[in-house]
Amino acid sequence: NAGVTQTPKFRVLKTGQSMTLLCAQDMNHEYMYWYRQDPGMGLRLIHYSVGEGTTAKGEVPDGYNVSRLKKQNFLLGLESAAPSQTSVYFCASSRRTSGGMTQYFGPGTRLLVL
Amino acid sequence: GQQVMQIPQYQHVQEGEDFTTYCNSSTTLSNIQWYKQRPGGHPVFLIQLVKSGEVKKQKRLTFQFGEAKKNSSLHITATQTTDVGTYFCAGGNYGGATNKLIFGTGTLLAVQP
């Protein structure tokens, strides 16, 4: 099993450009998440999904959109990139449970917006 | 909104010294998880605590969940250079149909050989 994979690993954008980050998991997990990590800020939840075809806003959703057309994939889109979106983006997935469950993280995408 | 704070933000120790990081939530948690992130890597799950006052050990690591389920700690005995990284706590809420976690700000541990 590859676990959680992310594409691309690194990207440089100019202000105003758009891009899509792809997250894929092969563990048949229902839940998927997108986080951003900035120095001194920990991990902040952008959007999440509790199942195929469903998405919801997290803590910092502005400037991002997501889609979950297939259970194994969770896409994060930036329609018009801004320098404030320079960050490391992590995708994670977990099984459905009411008791709390491990989140498995991908390797991250490092994004620089100039 | 709910906040999870961690202290200290950074700690530098000599190899062999002990290390502790503390996690405090503004609200009662249903569970708390701890993750470790090596430099340049991604967070990796270490452990989950669910019960009030629970204590769990993993070799040199001891994890505690407070009686009020609002705080937690991670203690490492006799640190090694392999312990280097950032340690995050993450709190889950009751009624967590989404399994969402609120991550703490993390504690970066540096270990000098």
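Based on the Cβ-Cβ distance from A:ALA2 to B:THR81, what FRET efficiency comes out when R0 is 35 Å, to the nearest 0.05? Once the sixth-power term is evaluated, E becomes 0.75. Report the accessible area of A:THR5, computed with a 1.4 Å probe over the heavy atoms of all protein chains in place, in Å² rounded to the nearest 10. Roll a 1.4 Å probe over it and A:THR5 shows about 60 Å². Per residue, the accessible area of the protein assembly as shown comes to 47 Å², computed with a 1.4 Å probe over protein heavy atoms only. For chain A, which whole percent of the accessible surface, found with a 1.4 angstrom probe, sits on carbon and sulfur atoms? Percent of accessible area from carbon and sulfur atoms in chain A: 53. Between the stretch A:34-98 and the stretch B:41-113, what's the alpha-carbon centroid distance in Å? If you average the Cα positions of each part, the centres end up 23 Å apart.
A protection proxy built from the mean count of other Cβ atoms within 10 Å ranks the segments B:29-36, B:82-89, B:7-14, most packed first, as B:29-36, B:82-89, B:7-14.
The fraction of Cα-Cα pairs per 10 angstrom bin, counted from 0 for the stretch B:1-56, comes to 16, 45, 33, 5 percent, rounded to whole percents. Sequence-distant contacts, meaning Cα pairs under 8 Å at least 6 residues apart, place the relative contact order of the stretch B:58-113 at 30 percent. Only Cα pairs under 8 Å and 6+ residues apart enter the sum, and on that basis the relative contact order of chain A stands at 35 percent. Principal semi-axes of the equivalent ellipsoid, √(5λ) from the alpha carbon gyration tensor of the protein assembly as shown, are 29, 21, 15 Å from largest down.
Inter-chain Cβ neighbour count for A:103-112, averaged per residue, equals 3 (cutoff 10 Å, partner chain atoms only). Annotation for the B:A interface, with buried accessible surface near 1700 Å², both sides summed [1.4 Å probe; non-protein components not counted].
Normalised Debye scattering of chain B at q = 0.11, 0.20, 0.22 Å⁻¹ gives log10 I(q)/I(0) of -0.32, -1.02, -1.21, counting only Cα atoms as equal scatterers and leaving out solvent. Every Cα-Cα pair of chain A was included, and the share exceeding 20 Å stands at 35 percent. What does a probe at A:PHE10 reach in the stretch B:38-74, counting residues whose amide N is under 19 Å from the point 7 Å along Cα→Cβ? Counting only backbone N, you get B:38-43.
The values are calculated or read from the model by the stated rules, or taken from the named source; none is laboratory data. Just so it is clear, the structure is predicted and the values come from calculations on it, not from any experiment. We place every Cβ from the backbone using ideal geometry, glycine too, and count neighbours over all the protein chains shown. The area values use the complete protein model at the heavy-atom level, side chains included, leaving out ligands, DNA and RNA. Shrake-Rupley method; radii C 1.70, N 1.55, O 1.52, S 1.80 Å.
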